[in-house]
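Undergrad: Here you go, one structure.
The values are calculated or read from the model by the stated rules, or taken from the named source; none is laboratory data. Every value quoted in this text rests on a predicted model; they were computed, and no experiment measured them. We place every Cβ from the backbone using ideal geometry, glycine too, and count neighbours over all the protein chains shown. Areas reflect the complete protein model, heavy atoms only, side chains present, ligands, DNA and RNA absent. Shrake-Rupley method; radii C 1.70, N 1.55, O 1.52, S 1.80 Å.
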Amino acid sequence: MISCEHIKADYKQIFREKIMFLLFTLPVILICLLIITPMYIEEYLNIDVTDYHSYIISVIFLMIPSLIGTVTGFMMLDDKDGKIYELMSITPIGRNGYLYNRLSIPIIITFIYSFLIRLVIGIASISYGTTLLISILISIQTIIIGLIMFDIADDKVKGLTYAKGLNIIMVFGLADLLNNESVIYIAMLFPSYWITRLIKSPSFSNIIMSFCIHLLWLFIILGRFYKKKK
């Protein structure tokens, strides 16, 4: 169970470091910008972006795990630097308890941001059911990004570099725009692609494939996490 002390410690850590605070709050700013920009383009530049609404919404959703996942990775790297992870892994809490406590808050924040998008977005209609599905999937992406950073980076400086590379994965969500079968087949292996597919067509097959790809990535990175830390 998450304690109040754990929540306070996490928020103190986020507010203490400017880069983490910026990444934590940046989704709100970017959501506003990406909502206003299409309206500006249509009204003042007289360019119709109707065909690209799904991709715009997808980018907004995908920025959440990109940013919150990076914050999560930084917090876990702090635990690695301070030997907190090693200490907690030998306590009754263990590695499972550590992951639960460390990842629960970012998941909650991801859900909050997701439904905030649903409430304020005006360029297309997305059902609450689809929003819930997307929230679950991008929460998994948040975990994946955080764990990958924890796994491959030795400190936060390297973590920031790796985060930039990991965020390129978000581009696969726009693969359909290229209308190239080879690119699309490659993109289908990445979680970000399926967020766009769900927004465009929340069919049963797309839902199943979305969860399969996300869970495959999650199981692989969790397997590496537990194997490496034995």
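Undergrad: If you rank 118, 224 by how much accessible surface each has, with a 1.4 Å probe, what is the order from largest down?
TA: My answer, sorted largest first, is 224, 118.
Undergrad: Stretch residue 22-residue 157 to full length: gain in nm at 0.36 nm per residue minus the Cα-Cα span?
TA: Contour length minus Cα-Cα distance gives 47.0 nm.
Undergrad: Convert 37 °C to kelvin, take the viscosity as 0.692 mPa s, use the Kirkwood radius over C-alpha pairs of the stretch 97-230 as Rh, and evaluate the Stokes-Einstein diffusion coefficient in µm²/s, rounded to a whole number.
TA: Approximately 205 µm²/s, per Stokes-Einstein.
Undergrad: Next up: Just going by the charge dipole of the stretch 92-230, with Lys and Arg at +1 and Asp and Glu at -1 on Cβ, which of 219, 204, 112 is farthest out on the positive end?
TA: Of 219, 204, 112, it is 219.
Undergrad: Further, regarding this structure: Over all pairs of distinct alpha carbons, what does the Kirkwood formula give as the hydrodynamic radius of the stretch 160-230, in Å?
TA: One over the average 1/r among Cα pairs gives 13.3 Å for the stretch 160-230.
Undergrad: Something else: Can you give the extra length, in nm with one decimal, that the chain gains between residue 164 and residue 224 once fully stretched, where that is 0.36 nm per residue apart less the Cα-Cα distance?
TA: Result: 19.5 nm gained on full extension.
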